């Protein structure tokens with residue numbers, strides 16, 4: 001039996017149990033509370049998958065753009081969310097067009113959830129694409145899986161070299177854990193929060209890591225000490241699986 005760290009939820013928000021929502025209880029409560037507080041005009045979600053977090057973002061936002069590399073998300077979810085535009089493709093290549101469309105319509109982008117490419121380079125590229133656009137209004141940026149070593153490194157590395165426009169940054173806004181999905185001592189979950197303000201002068205930024213000692217201690221006992229060093233072999237593994245006609249675990253993100 002695999003323990004469930006995401007349910008039950010004691011909340012007034014009516015959760016659609018048919019949607020796979022890969023967040024812990026604390027992360028779900030955080031997203032619901034934050035969305036209710038912000039009540040965004042427009043939100044963007046990077047990484048749609050099966051629509052778990054999208055149901056909250058859609059409920060509290062007037063308009064949502066949800067980006068995913070797979071077309072399965074659009075096919076599965078578009079009937080459920082009439083206020084969501086589903087964009088299929090690489091988020092880095094798509095997001096500037098979305099920013100321009102929002103501005104053309106005279107709307108205000110208030111919130112972005114980054115939960116797509118869970119590699120150090122992927123996270124860095126997503127933040128870089130967000131920050132290089134000349135936004136006119138403050139944006140709250142929430143980043144899932146900030147407890148994962150590679151994701152965390154991507155966030156921290158970006159913030160260390162891009163202090164302009166950031167008024168607040170916390171890598172442990174919600175703390176992650178060893179995940180519950182059967183993987184051995186893999187560190188997932190956690191939410192990082194970045195407050196972006198185009199009017200901010202860009203003084204020296206303090207990157208909050210309120211659970212840094214917990215992160216470091218957990219990492220020393222994690223599978224990532226070896227696994228992340230062998231990540232360069234993953235493309236070879238995918239090719240072997242494809243040649244042998246075997247189903248790779250990550251294929252679920254592309255076709256469901």
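No lab work stands behind these numbers, since they all come straight from the coordinates. Every value quoted in this text rests on a predicted model; they were computed, and no experiment measured them. Cβ sites come from the backbone with ideal geometry, for glycine too, and all protein chains shown count toward neighbours.
Of the residues 69, 5, 46, only one is touching a helix residue (DSSP H, G or I) at 6+ places or on another chain (Cβ under 6 Å), surrounded by 15 or more Cβ atoms within 10 Å (Cβ to Cβ) and either closer than 22 Å to residue 174 by Cβ or in contact (Cβ under 8 Å) with a residue 60 or more places away in the chain (or both); which? Before you say what the answer is, go through the steps one by one.
Working: 69 fails: touching a helix residue (DSSP H, G or I) at 6+ places or on another chain (Cβ under 6 Å); 5 fails: touching a helix residue (DSSP H, G or I) at 6+ places or on another chain (Cβ under 6 Å).
Being touching a helix residue (DSSP H, G or I) at 6+ places or on another chain (Cβ under 6 Å), surrounded by 15 or more Cβ atoms within 10 Å (Cβ to Cβ) and either closer than 22 Å to residue 174 by Cβ or in contact (Cβ under 8 Å) with a residue 60 or more places away in the chain (or both) holds for just one of 69, 5, 46, which is 46.
I need the full set of residues from the range 84-116 which are in a loop (DSSP other than H, G, I, E, B) and within 20 Å of the chain's Cα centre (by Cα), in order please. Spell out the reasoning first.
Of all residues in the range 84-116, those in a loop (DSSP other than H, G, I, E, B) come to 89-90, 105-108, 115-116.
The answer is 89, 90, 115, 116.
Does residue 114 count as in contact with a strand residue (DSSP E or B) (Cβ under 6 Å, 6 or more places away or on another chain), buried (at least 18 other Cβ atoms within 10 Å of the Cβ) and over 22 Å from residue 194 (Cα atoms)?
No, not satisfied.
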Subset of the range 117-169, residues in a strand (DSSP E or B) and within 24 Å of residue 199 (Cβ to Cβ), comes to 139, 140, 141, 142, 143, 166, 167, 168, 169
Screening 105, 27, 17 for residues that are loosely packed, with under 14 Cβ neighbours inside 10 Å and more than 24 Å from residue 129 (Cα to Cα) leaves only 17
The residue from 45, 17 that alone is assigned to a strand (DSSP E or B) and within 23 Å of residue 177 (Cβ to Cβ) is 45
Among the residues of the range 158-199, the number that are buried (at least 19 other Cβ atoms within 10 Å of the Cβ) and on the phi > 0 side of the Ramachandran plot is 3
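Just wondering, is there one or more residues in the range 50-57 that are free of Cβ contacts under 8 Å to residues at least 40 places away in the same chain, under 25 Å from residue 177 (Cβ atoms) and touching a strand residue (DSSP E or B) at 6+ places or on another chain (Cβ under 9 Å)? Before the answer, list the steps.
Taking the range 50-57 first, the residues free of Cβ contacts under 8 Å to residues at least 40 places away in the same chain are 51-52, 54.
Now restrict to residues that are under 25 Å from residue 177 (Cβ atoms): 51-52, 54.
Those left that are additionally touching a strand residue (DSSP E or B) at 6+ places or on another chain (Cβ under 9 Å): 51, 54.
There is at least one residue in the range 50-57 that is free of Cβ contacts under 8 Å to residues at least 40 places away in the same chain, under 25 Å from residue 177 (Cβ atoms) and touching a strand residue (DSSP E or B) at 6+ places or on another chain (Cβ under 9 Å).
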Scanning the range 65-83 residue by residue, the ones that are over 24 Å from residue 121 (Cα atoms) and in a loop (DSSP other than H, G, I, E, B) total 6
Counting only residues in the range 86-101 that are surrounded by 15 or more Cβ atoms within 10 Å (Cβ to Cβ) and touching a helix residue (DSSP H, G or I) at 6+ places or on another chain (Cβ under 8 Å), the one farthest from residue 137 (Cα to Cα) is identified as 88
